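Report on one structure; see the data block that follows.
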Amino acid sequence: MQDSGQGGSGPFGTGGNGPFGAGGFGKGFGGPGRGKFFDDLAGMAGGAFSVINGAKAEIEAMVQAQAESFITRLNLVKREELDAALEVARRAREESEALALRMAALEARLDEMTKDAPPEPGVPPIEGTGPIIV
């Protein structure tokens, strides 16, 4: 077979002046032009990386906006608002329990005071004055 100008053994051969030069891959991989090729490749990869990072940030912002819009449409509360409401409810429950204990003590004291005292003449007993059970 005669040399077709592309190397001694086909297009990727080791000889001739084919598209990959002498030695199979010639200048692009090992010759004097190697630095420019890899510099260009690195520049393209860096540019692609920047574009991907920018797209990622933009997608994250869009997803965040959509999630907030969805939550607003569903009329859901934020965690901080829920925690604040639960704290108010806890304090109200504690205050209610304390007031119930105080009222029970006052009723017991009133029962002790009225148990020993004779009923006043002409004053009918008041219905429902017994202790209130909560």
Based on what the data block shows, is K36 at pLDDT below 95 and surrounded by 10 or more Cβ atoms within 10 Å (Cβ to Cβ)? yes
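Can you confirm whether L86 is surrounded by 11 or more Cβ atoms within 10 Å (Cβ to Cβ), free of Cβ contacts under 8 Å to residues at least 40 places away in the same chain and under 33 Å from the mean Cα position of the chain (by Cα)?
Considered against the rule, which asks whether it is surrounded by 11 or more Cβ atoms within 10 Å (Cβ to Cβ), free of Cβ contacts under 8 Å to residues at least 40 places away in the same chain and under 33 Å from the mean Cα position of the chain (by Cα), L86 comes out as no.
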Could you check the range 113-134 and list, in sequence order, the residues that are outside any loop (DSSP other than H, G, I, E, B) and either modelled with pLDDT under 70 or surrounded by 10 or more Cβ atoms within 10 Å (Cβ to Cβ) (or both)? T114
Run F12 past the list (1) among the hydrophobic types (A, V, I, L, M, F, W, C); (2) at pLDDT below 85; (3) loosely packed, with under 12 Cβ neighbours inside 10 Å and report the number of the one that doesn't hold. (3)
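The values are calculated or read from the model by the stated rules, or taken from the named source; none is laboratory data. Predicted model, so just to flag it, every value in this text is computed and none were measured. Glycine also receives a Cβ, built like all others from the backbone with ideal geometry; neighbour counts cover every protein chain displayed.
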